[in-house]
1. Quick one: which residues, 5 or more positions from residue 249 or on another chain, have an amide H under 5 Å from its amide H? H modelled 1.01 Å from N in the peptide plane, none for Pro or chain starts.
2. Of the listed peptides 182-194, 308-320, what is their order by residue-averaged count of other C-beta atoms within 10 Å, with the highest listed first?
3. Applying the Karplus parametrisation 6.51 cos²θ - 1.76 cosθ + 1.60 with θ = phi - 60° to the phi angles of the stretch 54-62, what ³J(HN,Hα) value in whole Hz is obtained for each residue in order, glycine and proline being reported as x?
4. Less than 15 Å Cβ to Cβ from residue 307, Lys/Arg counted +1 and Asp/Glu -1: what total charge do the surrounding residues give?
5. Hey, rough spin-label estimate for residue 194 and residue 316, points 7 angstrom out along Cα→Cβ, what's it come to in nanometres?
6. Name the long-range amide H neighbours of residue 51: under 5 Å, sequence gap of 5 or more, or other chain; modelled H, no Pro or chain starts.
7. What whole number of Å gives the distance from the Cα centroid of the stretch 129-152 to the Cα centroid of the stretch 41-58?
8. How much length is gained if the chain between residue 76 and residue 166 is pulled fully straight, taking 0.36 nm per residue apart and subtracting their Cα-Cα distance, in nm to one decimal?
Amino acid sequence: VGLGYDCYVTVLLMCSSLCESVVAAACSRVGQRVLHLDRRSFYAGDWASFTFNGLLSWIKEQQLHDWSSLLEEGEELVPLNQSYSSISDLQVLCYAQSQSEPGTQTESQSEQKRPTLAGLVRDGRRFNIDLVSKLLFSRGSLVDLLIQSNVSRYAEFKNVSRILTFSTETTCVSLKVPCSRADVFSSRQLSVVDKRKLMKFLTSCLDENDPYTGESSQSQPRHAHGGGAGLHAALLRCLGRYGNTPFLFPVYGLGEIPQCFCRMSAVFGGVYCLRHSVHGLVIKITERPLFEAVTSRLSVTDLVHLTCPSTGSAHHDLFPVVTSLFVTPESPDCDGPVVLWSLYFNMAAAPEVEGQELPVNVHLSSAPDAALGHDATVAQAERIFNNIVPGEEFCPPAPNPEDIIYGETENTADSPAIDPENAADSPAIDPENTSYRSCPSSTKVLESSSVLGS
């Protein structure tokens, strides 16, 4: 590998998105020598989270330079070394003033001073902005994987406090979605009859999709729920595990999750190199193809992330929604918050990676999908891992630091104790000869904890 030094690796991963990071952690955990490269200067790829200043730098990287003004008559520009990007139709709209203008402020504006663009940049580290809009189901596959592998100790999580729905039939802009029986019956937006119908409907969803009993209610006729019945049941089963909400979210943004798996891989010997890309694969025809890599303070400001299936540019799809919910120069009469700054961009959907003609030891991963959860990405990471090292356990639990025992563990009772006064004459501890005792109760304690990262 052309990184300035000689090394031999058994697994090479390019890009540090969620799928690749999970595969890197799983492979390092079972003893594979992992080299993880990313041509970017940050982790997580399209799953990254940025401060506002970091997002502005990311926007500059995505925008293509226009050299057409430098061309003379009869000349044509042929761009070279254009790296693939999943981001397109990027557009930035700034409604905030570049700096405050005290002479033009009215009395109402002076009571609550509107933040300026300079203020956003100055306080940009007080919030994180995700490129992907997703949530963690409390009983989803990603949360189970975080608990199983002990990667959850590298991050902090919080409950999603409210779930709102937008309704055009009422005067309210948004309505709170009840997430428990008590919330349903205390809601003032439903009549008593509608509340009983709703509870009966939710109960039927659980009865027909109960994964724990494996049974369904055959004695009663099934209702035509369509494909939403499974989603309703999954959401209802997530309630109560970590409070009265089905969703969790990383405190420092969704981009923290891939970094946690990268950290686990590095703990078990994985090597990481940012700003390095792979220019090509050298195929060696043997019984099994092998390859080598050639590398060369905002108390009144809220962040809103809107996502939808793409029918055109992001501005074309989402701008009508923005103008109906928020105050912009195009919708000055809207009764809602004022937009200070907005970013529109399209992200390419997950491509079909199965069935492509590739060497048997080359595997492709997909871009983030449009689903709310992470089940597809976790399933793909596990499938790739099983193809690389079949028969190995996927992301086994990592030892806790207090469970690590240095040296031989079988005859510890017969081993002489080390005298602190003669520690210099004692044999050095061999880091390659270590073991750990398992702690079966650690996972159970973590599952019952109210905070995932405890």
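1. When sequence neighbours closer than 5 places are left aside, the close amide H contacts are 158, 160.
2. Per-residue mean Cβ counts within 10 Å order the peptides as 308-320, 182-194.
3. The phi angles translate into x, 5, 4, 5, 5, 4, 4, 5, 7 Hz.
4. Details: positive: 134; negative: 46, 89, 130, 317, 369.
Net charge in that neighbourhood comes out at -4.
5. The answer from the label model is 3.7 nm.
6. Here the answer is 129, since their amide H atoms fall under 5 Å of that of residue 51.
7. If we compute the Cα centre of each part, the gap is 19 Å.
8. Fully extending the segment from residue 76 to residue 166 adds 27.4 nm.
Where a number appears in this text, it was derived from the coordinates with a stated rule and is not lab data. A quick note: this is a predicted structure, and the numbers were derived from the prediction, not measured. In this analysis, Cβ positions are derived from the backbone assuming ideal geometry, glycine residues included, and neighbour counts consider all displayed protein chains.
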